[in-house]
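The values are calculated or read from the model by the stated rules, or taken from the named source; none is laboratory data. No experiment lies behind these values; they were computed from the predicted model shown. Cβ coordinates were reconstructed from backbone atoms using ideal geometry, including for glycine residues, and neighbour counts include every protein chain displayed.
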Amino acid sequence: MGTLFRSEPMTLCQLFIQTDSVFNCVSELGELGLVQFTDLNPGVSAFQRKFVGEIRRCDDVERKLRYIEKEICSERIAIPENEYEGELPQARDMTDLEALVSNLESELREVNQNNVLLQRSYVELTEIKHVLKNVDTFFEHVSPTQFRHLAYDGPQDQRTHEHEMEVVRRMSEDGRRDRAASELHVEVGFVAGVILTEKFSSFERMLWRVSRGTVFIRRVFIDTPIEDPNTGDPQMKSVFVVFFQGEQLHARIKKICDAFHARRYAVSSSQQERRDMTINVLTRLEDLQTVRNKAQEHRVRVLANAAKEFRGWLVKAHKLKAVYHVLNLFNVDITHKCLIAEAWCPEANLEEIQRALKRGTDASESHIPCIMNRLDTTEAPPTYNRTNKFTRGFQGIVDAYGVSSYQEVNPAPYTIITFPFLFAVMFGDAGHGAIMFLFALFLVLREKSLQKVKGAGEIWDTFFHGRYIILLMGLFSIYTGLIYNDVFSKSINIFGSSWKAPEISFKNATEKDQPIQLDPVKHYTGTPYPFGLDPVWFMALNKIPFTNSYKMKVAIILGVAQMLFGVVLNLWNHMHFKDQTPFPPPTSRAERFLRQYLKIWTEFIPEMLFMLALFGYLVALIIYKWTLVGGSPDGSIPCSRSLLIHFINMFLFTYTKEPCYQDLLYAGQKPVQMTLLLLALISVPWLLMAKPLFLLYLNNKHRQTSSGDPSSDLAPLAVTVEENPQDIAGEQAAETSPGAPGTLEESTTNSSATGAILEPEPEPQSEGHDHSTSHKGKFEFGEEFIHQIIHTIEYCLGAISNTASYLRLWALSLAHSQLSEVLWEMVMRIALGMSTNWIGAIALFVIFSAWAVLTVGILLVMEGLSAFLHALRLHWVEFMNKFFKGEGYLFEPFSFREVVSAIDEQL
């Protein structure tokens, strides 16, 4: 059984499932979500697999569903967001769903086509109505006169309005058009229609050029936009009337109208006929509008009913497709009566998987049970860390750097505490932390309703998914802010300061505006401030040197403690994986012990010695100095030793008493430091040489044993030592996995059983080979030695650079506090110093708003992001490199919940 501190033990299982029950069994496993199938057909393309036809049918159903969704959204009909009910798909559902969706799509397409035809007729009638109305307007404002001239000098010719009216009036009178034409010996006609307003200018110029200026054009804008029947977009159009003479010019005008997609409508020259036509058009428009309303109501009703079931259809289609994709990973038995699958399963859930297979078999009414066979393999299993909504975010922080190797120590449980704490050390303001905490608390309390918010943007999704991380970051920031006694850059005095200034000196100093020097012997009460920094330090002139020294030392202590903890976690890895040497079994207890704990005595012990001898000693000096330096009873000023100078002198073997800050801290300091330095020096070659030399000894020993025994089948060792625990993960999974319930005999004799787990039988091996034959390659001392050189250099130099890297805790804390103080002094203090009248009240409101916006934008968002990234760096590099390989791959089980989650993100 796995724990939060280590990934789940996994096992590779082989499944034999009957063809008639395979769909239901896979559906049950998808509902369970604890099985990761492997591809048994890696050389077969996606188009040559067994169930490619069914997948194409699912794709076709999804295409039709997308069309239905587009139609639903076009009517602004909401698709209900029902909770996941876990309905399992059946193989027969494919045909039913396909028929249902196809019928609905056909109905919608027919309705849409009819709507387009109705809309096209409605648009034509509307345009005819506007044409008739405007043609009547042309002819109503004229009086009879002789037609004298028909010439058009182009679009830019500004002829008088009187002349235009004369040209039209003559042609508008009933019974007089023939007389005018006979007088001029020409036949005058006109073409009326509708064109897009944006095309009219080009249309007019083309007519002028083709007619050589012998046409007369009038235009009127249509005030209301007309909907395009094909796209539904509103379009602005204009009514035009073109007067011409001659049939040849008439034919040219019609061609130009067609080229510009201008609709021409036949309009009679008789006023009475136009009136009758107008009445007919208005009647048809009214009837057509009634039909359109009925058709639209029917369409909305169909889409509303479809919207209620749409999510269920989409989920079912995706589930069916997911099942068929999984079935394509299976192999077909030579008898074609069953399918063979291989899958990774958590050992703790084998019984649940068996029960799921039984449910699938029962649902298909099959009498042949599914058989589960546990396979022995050297393939590295996937990494499966169980998480919940609280731990998922912290596990994501670790997985963003690298997935832990199989059964490797999982840093996520420790990151839950260390990550927000180190962030808070850099953030360190109780006021800002309270705002952050309240924001995250709101997200946590309203998480169910906020989960349904979609389209809010990537930034919002990041905040929401990391709400528990932000919650702890704010909570720890409140704690560290109280330790620093920093609330919006101001200190709070709850318990009363432990420093007391004489009243006379205080009065004189305030009158003369002079600082007061407080003597620790005389003015300190002897009892420290109960919690956090004494508020008197925030009024002191040496505030920054004091807080810098304090935060710098705290950063070193926290950094060394976290790195030592990382080395201890590596010990846990060593004790779990134990003997990774690929040699034959040990011949003595001593050899067994040394091989079993090889990495402990060759790596862990020298690493701890090196770290403790140098940086552990530095931490001890810091703590000792805090207890040592204080006021002297005789009133003399104590000499504060410089730890930096002492630490440098430790490596230079320099010990002097002048000046006083180089004086020894304690008696016997010189031999203690020389001993510690000697231990650190010894640990380096120990870490470098011990492991390669011991492996070389084992290699030579077993070579001699093999060559000295002619009856032995032991071949000369040709293996390599793998440092990665993944290389033996398969063996350990088989060795440490508990026996699974059920046997093959039980499944064949008991017809009610639907699943059996076959325990893997160890393959017979020739004497002396043992498990070493599973490793490949030759043992090369040079390669092993080079590998150990790299590891030693990385660790020793990294111990120094990583310790210095933790000083960012102090640097960012200083930057945050100074920015907060500057913002208060430059903005908020101005408002508080203004007068108390109504002008000051308004100014206070405005300035406070500006201060609040700057506080949130700069100190919470920007500084918070900076501290977050630095905390990530400290965990990924300084902490996790002490024990974390991160060479695994995630356990990605086949799960219907993932399918449904993907659908919810799309809808």
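Each residue in the range 360-396 was checked for being crowded, with 19+ Cβ neighbours inside 10 Å, outside any loop (DSSP other than H, G, I, E, B) and not polar (S, T, N, Q), and 6 pass.
Taking the criterion of being within 57 Å of the chain's Cα centre (by Cα) and not in a loop (DSSP other than H, G, I, E, B), the residues of the range 217-255 that qualify are 220, 221, 226, 227, 234, 235, 237, 238, 239. Restricting attention to the range 235-277, the residues that are of a type outside the set (Val, Ile, Thr) and under 26 Å from residue 225 (Cβ atoms) total 17. Do we find that residue 857 is loosely packed, with under 14 Cβ neighbours inside 10 Å and modelled with pLDDT under 95 in this structure? Spelling it out, residue 857 is indeed loosely packed, with under 14 Cβ neighbours inside 10 Å and modelled with pLDDT under 95. For the range 256-275, which positions are under 60 Å from the mean Cα position of the chain (by Cα) and either over 22 Å from residue 196 (Cβ atoms) or part of a loop (DSSP other than H, G, I, E, B) (or both)? Those that are under 60 Å from the mean Cα position of the chain (by Cα) and either over 22 Å from residue 196 (Cβ atoms) or part of a loop (DSSP other than H, G, I, E, B) (or both): 260, 261, 262. Among the conditions (1) outside any helix (DSSP H, G or I); (2) under 30 Å from residue 517 (Cα atoms), residue 623 misses just one, which is (1).
Residues are listed down the side, and each one gets a yes or a no for (1) buried (at least 18 other Cβ atoms within 10 Å of the Cβ); (2) under 50 Å from the mean Cα position of the chain (by Cα); (3) of a type in the set (Ser, Thr, Tyr); (4) in a helix (DSSP H, G or I):
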| residue | (1), (2), (3), (4) |
| --- | --- |
| 671 | no, no, no, yes |
| 674 | no, no, no, yes |
| 677 | no, yes, no, yes |
| 683 | yes, yes, yes, yes |
| 691 | yes, yes, no, yes |
| 695 | yes, yes, no, yes |
| 698 | yes, yes, no, yes |
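For the residues 307, 341, 317, the requirement of being hydrophobic (A, V, I, L, M, F, W, C), closer than 30 Å to residue 7 by Cα and in contact (Cβ under 8 Å) with a residue 24 or more places away in the chain singles out 341. Looking across the range 1-43 at every residue that is among the β-branched types (Val, Ile, Thr) and assigned to a loop (DSSP other than H, G, I, E, B), the one that is farthest from residue 352 (Cα to Cα) is identified as 19.
Just one of the listed residues (792, 803) is part of a helix (DSSP H, G or I) and closer than 30 Å to residue 425 by Cα, and it is 803. You will find that of 528, 585, the residue that is in a loop (DSSP other than H, G, I, E, B), touching a residue at least 40 places away in the same chain (Cβ under 8 Å) and either within 28 Å of residue 666 (Cα to Cα) or not polar (S, T, N, Q) (or both) is 585 and no other.
Of the listed requirements (1) modelled with pLDDT of 95 or more; (2) surrounded by fewer than 24 Cβ atoms within 10 Å (Cβ to Cβ), residue 422 misses just one: (2).
Taking the criterion of being charged (D, E, K, R) and either surrounded by 13 or more Cβ atoms within 10 Å (Cβ to Cβ) or at pLDDT 90 or above (or both), the residues of the range 207-244 that qualify are 218, 219, 227, 228, 237.
Is the range 319-338 home to any residue that is in contact with a Cys (Cβ under 7 Å, 6 or more places away or on another chain) and outside any helix (DSSP H, G or I)? No, the range 319-338 has no match at all. Could you identify the single residue in 567, 536 that is under 20 Å from residue 874 (Cα atoms) and either part of a helix (DSSP H, G or I) or of a type outside the set (D, E, K, R) (or both)? From the options 567, 536, the qualifying one is 567.
Each row is one residue, and each column tells you yes or no for (1) part of a loop (DSSP other than H, G, I, E, B); (2) surrounded by 20 or more Cβ atoms within 10 Å (Cβ to Cβ).
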{"site": "433", "(1), (2)": "no, yes"}
{"site": "440", "(1), (2)": "no, yes"}
{"site": "443", "(1), (2)": "no, no"}
{"site": "452", "(1), (2)": "yes, no"}
{"site": "456", "(1), (2)": "yes, no"}
{"site": "460", "(1), (2)": "no, no"}
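Which one is surrounded by the most Cβ atoms within 10 Å (Cβ to Cβ), of the residues in the range 1-54 that are within 30 Å of residue 389 (Cβ to Cβ) and among the aromatic types (Phe, Trp, Tyr)? The selected residue is 37. Out of 642, 683, 636, one residue alone is farther than 30 Å from residue 601 by Cβ and at pLDDT 75 or above. It is 642.
Inspect the range 97-116 for any residue being within 30 Å of residue 379 (Cβ to Cβ), assigned to a helix (DSSP H, G or I) and touching a residue at least 24 places away in the same chain (Cβ under 8 Å) and give the result as yes or no. No, the range 97-116 has no match at all. Among the residues of the range 512-547, those identified as among the polar types (S, T, N, Q) and exposed (fewer than 14 other Cβ atoms within 10 Å of the Cβ) are 514, 517, 525, 527, 542.
Residue-wise test of (1) farther than 28 Å from residue 462 by Cβ; (2) of a type in the set (Gly, Ala, Ser); (3) touching a His at 6+ places or on another chain (Cβ under 9 Å).
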{"position": "334", "(1), (2), (3)": "yes, no, no"}
{"position": "349", "(1), (2), (3)": "yes, no, no"}
{"position": "367", "(1), (2), (3)": "yes, no, no"}
{"position": "378", "(1), (2), (3)": "yes, no, yes"}
{"position": "382", "(1), (2), (3)": "no, no, no"}
{"position": "413", "(1), (2), (3)": "no, no, no"}
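Residues of the range 264-301 that are over 30 Å from residue 75 (Cα atoms) and either surrounded by fewer than 14 Cβ atoms within 10 Å (Cβ to Cβ) or free of Cβ contacts under 8 Å to residues at least 24 places away in the same chain (or both): 266, 268, 270, 272, 273, 275, 276, 279, 280.
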